[in-house]
Structures are given as structure tokens and as C-alpha cells.
Amino acid sequence: MPATCDVVVLLSGTGGNLQAMIDSFKDGNHPVRIRAVISNRADAFGLQRARDTGIEACVLDHKAYDGREAFDAALIELIDTFQPQLVVLAGFMRILSAGFVRHYQGRLLNIHPSLLPLYKGLHTHQRVLEAGDAEHGCSVHFVTEELDGGPLVVQAVIPVESDDSAASLAQRVHAQEHQIYPLAVRWFAEGRLSLGEEGALLDGQLLAAHGHLIRT
């Protein structure tokens, strides 16, 4: 098994994807070690999930800093004290500066609740319904300076049912997020996933534009 891959998770909310990773990686048959969870909100429930598991939980309040660059510089300094090989965005509700993204180039992952490049930004479930789409899902991607851009790693696709609401879609998409995000993190930790000049690579092979597709 490869050497331990230290991971820092950034979040702003409930930490559902963090919990999915904690549950997925508790068997010990993997090289992932979550070193710390950092939130820009002291009331984020994800911090409690970390403490309950013995993971170091840190708060860095963006309101205490004069602008995005100052906050991001402090965030980089805090993250780097843990010397992670991978930084994971798990509902971190901050737009990151170009300098931050460049600092973690090739080792920064995000998950987005749509089949990117469709529906970047917010309110994805409602937008899917309004468009009358037959399919919806979620995407894990390497983070680049383009918002919700970056090479795709893996997507989970679900059918949109005739009686779906934004809430029911969100619930089903979250269930898929909790499957594919730990999978992508494990691939990275095992040395199987990397970012090349042409895009995301899995086992040395360039992934298709939509990443690795999983249909349910």
C-alpha cells in the first residue's frame, strides 16, 4: 500500500461529505489520513464531526481578514502546517483566489452538485428541473482558476423522475456525492489519480472530458 496521504478538508456547513469520508476510510485498508478540518464558520457542524472522530478542527473566520487575498494567505499558512498531499473542498462556501488555487495546483479537489460543465454555481437542482433535463448528478473535479471548472475526475448520473422536486433531487444527489468523493480521494491517495498537462489522469490514462462516469 502507498505511503500515508495526509488530507486537509475545508468546509462551511454540515459536513455530510466529510462524514462520508470518515466512514469510508475507517476500515484502515487505504492510505488516507484526514489530518485536519478547517472551516470559515465557527458554527459549522462539520467541525463537530471532526472532533467526534479525533480529527483536529480549526476555525479561520474570513470576516476577520481584510479581503479575499488576506484570508486566503492566512488559510494557506494554516493548511500548510499540516503538510497535506491533498486539500479537499467539502462545501466550502468561499470563492478562492487565483493565488490559493495555484499554490495547491494538482492537489485540490472539489465536488459540485451537477453534471459539469452544466449548471455551475448555485441552485443546481432547481435549474435542472426548470430545464426539463432527463438526467442530473454530481461531479468531482480538480480545482482551477475557473469557478466550478477544472478537469473532471468522476461523475455520478441519476435519472430525473417525473415527480422530483428540488429537495428530492438534492437528497438523491447527496447520496451519490457520498459515494464518489471518497472514491476520488482514495484514487489520489493510492497514487492512481493525478493532474497532467492535458487533464485528469487515472492509472496513467487521460480521463474523458466528463471523467469516469457512474450511472445509477
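The values are calculated or read from the model by the stated rules, or taken from the named source; none is laboratory data. Keep in mind that what you see is a predicted model, and the values were worked out from it rather than measured. A quick note on method: Cβ atoms are made from the backbone with ideal geometry, for glycine too, and the neighbour counts reach across all protein chains shown.
Okay, residues lined up against (1) without any contact (Cβ under 8 Å) to a residue 40 or more places away in the chain; (2) part of a loop (DSSP other than H, G, I, E, B):
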site: VAL8; (1), (2): no, no
site: ASP43; (1), (2): yes, yes
site: ARG51; (1), (2): yes, no
site: ARG94; (1), (2): no, yes
site: GLY106; (1), (2): no, yes
site: ILE111; (1), (2): no, no
site: SER114; (1), (2): yes, yes
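Give the residues of region 80-92 that are within 15 Å of GLY106 (Cβ to Cβ) and β-branched (Val, Ile, Thr), sorted by residue number.
Across region 80-92, the qualifying residues are VAL87, VAL88.
On the given criteria, is ASN40 closer than 21 Å to GLY121 by Cβ and not aliphatic (A, V, I, L, M)?
So ASN40 fits the description; yes.
Inspect region 172-182 for any residue being assigned to a strand (DSSP E or B), assigned by TED's automatic domain parsing to the domain that holds HIS136 and not acidic (Asp, Glu) and give the result as yes or no.
No; the residues of region 172-182 include none that is assigned to a strand (DSSP E or B), assigned by TED's automatic domain parsing to the domain that holds HIS136 and not acidic (Asp, Glu).
Any chance you could count how many residues in region 171-192 are within 16 Å of ALA156 (Cβ to Cβ), of a type in the set (A, V, I, L, M, F, W, C) and over 13 Å from the mean Cα position of the chain (by Cα)?
Total satisfying the criteria: 3.
Being touching a helix residue (DSSP H, G or I) at 6+ places or on another chain (Cβ under 7 Å) and under 20 Å from ALA3 (Cβ atoms) is the filter here, so list the residues in region 58-91 that pass it.
The answer is LEU86, VAL87, VAL88.
Check off (1) crowded, with 17+ Cβ neighbours inside 10 Å; (2) over 19 Å from the mean Cα position of the chain (by Cα) for ALA70 and give me the number that stays unchecked.
Tallying (1) crowded, with 17+ Cβ neighbours inside 10 Å; (2) over 19 Å from the mean Cα position of the chain (by Cα), ALA70 fails exactly one: (1).
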